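First up is the structure itself, then whatever we jot down about it.
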Amino acid sequence: TSESDASSQVDAAELYAQITEEDDYKQWALMPGTGEMDPGNGVHGEMITVYVSDDAYSAVEDKAGVMPNGSIVLKEGYSSDGELQEIVVMQKVDGFDPEHNDWYWAAYSPDGDVTVEGKVEACQNCHSNVQDNDYIFTAELS
């Protein structure tokens, strides 16, 4: 798959429909080792809840080193009074961005409007601090 093919395969609005309608992320497991409304570092909210797709959950549990293609990590960011402020998503897409372990990034308003998507420099720059852990902050993969 060429990079342009991979880029055209991913669409933030379609991804949102997939995770809210086809496969409700609220039914997914929480990232191992995390809880609901954990304290956040402020970037994604004062409090956060991190959900993971089944394959992402297994990768953490198995200490797989990297997330498999198709894995989704979804973080809800809340204000200090518990109001949902944003939903951010990382999805591993084969061939999308080999330079950054093929992560596709998307962020949404609480009502599902896309605020950023694709190769988001701010996401890449911050998460590159944990590139040896497949760009994942919230759990050890090895």
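The values are calculated or read from the model by the stated rules, or taken from the named source; none is laboratory data. Note that this is a predicted model, so its numbers are computed, not measured. In this analysis, Cβ positions are derived from the backbone assuming ideal geometry, glycine residues included, and neighbour counts consider all displayed protein chains. When the accessible area is computed, the model is the full protein with side chains, heavy atoms only, and any ligands, DNA or RNA have been set aside. Shrake-Rupley method; radii C 1.70, N 1.55, O 1.52, S 1.80 Å.
If I model the chain as equal point scatterers sitting on the Cα atoms and use the Debye formula, what is log10 I(q)/I(0) at q = 0.08, 0.11, 0.14, 0.18 Å⁻¹?
-0.19, -0.36, -0.61, -1.06
Which GluC sites (Glu not before Pro) in region 75-142 sit in a loop by DSSP (not H, G, I, E or B) and have at most 16 other Cβ atoms within 10 Å of their own Cβ?
Loop-located and lightly packed - Glu83, Glu140.
Can you put Trp105, Trp28 in order of accessible area, largest first, using a 1.4 Å probe?
Trp28, Trp105
Give the Rg (one decimal place) followed by the Dmax (whole number) of region 7-58, computed from C-alpha coordinates and expressed in Å.
12.9, 36
Please report the spacing between the Cα centers of region 80-119 and region 10-73 in Å, no decimals.
10 Å
For the chain, which whole percent of the accessible surface, found with a 1.4 angstrom probe, sits on carbon and sulfur atoms?
So the carbon and sulfur contribution to the accessible surface is 43 percent.
For region 66-118, restrict the atom set to alpha-carbon positions and state the Rg and Dmax in Å.
Cα only, region 66-118: 12.6, 40 Å (Rg, Dmax).
Got the relative contact order for the chain handy, in percent, Cα pairs under 8 Å and 6 or more residues apart?
Relative CO of the chain lands at 21 percent.
Just to check I understand the Karplus step: with θ = phi - 60° and J = 6.51 cos²θ - 1.76 cosθ + 1.60, what whole-Hz values come out for region 14-24, glycine and proline as x?
Calculated HN-Hα couplings, in order: 5, 4, 4, 4, 4, 7, 10, 10, 5, 9, 4 Hz.
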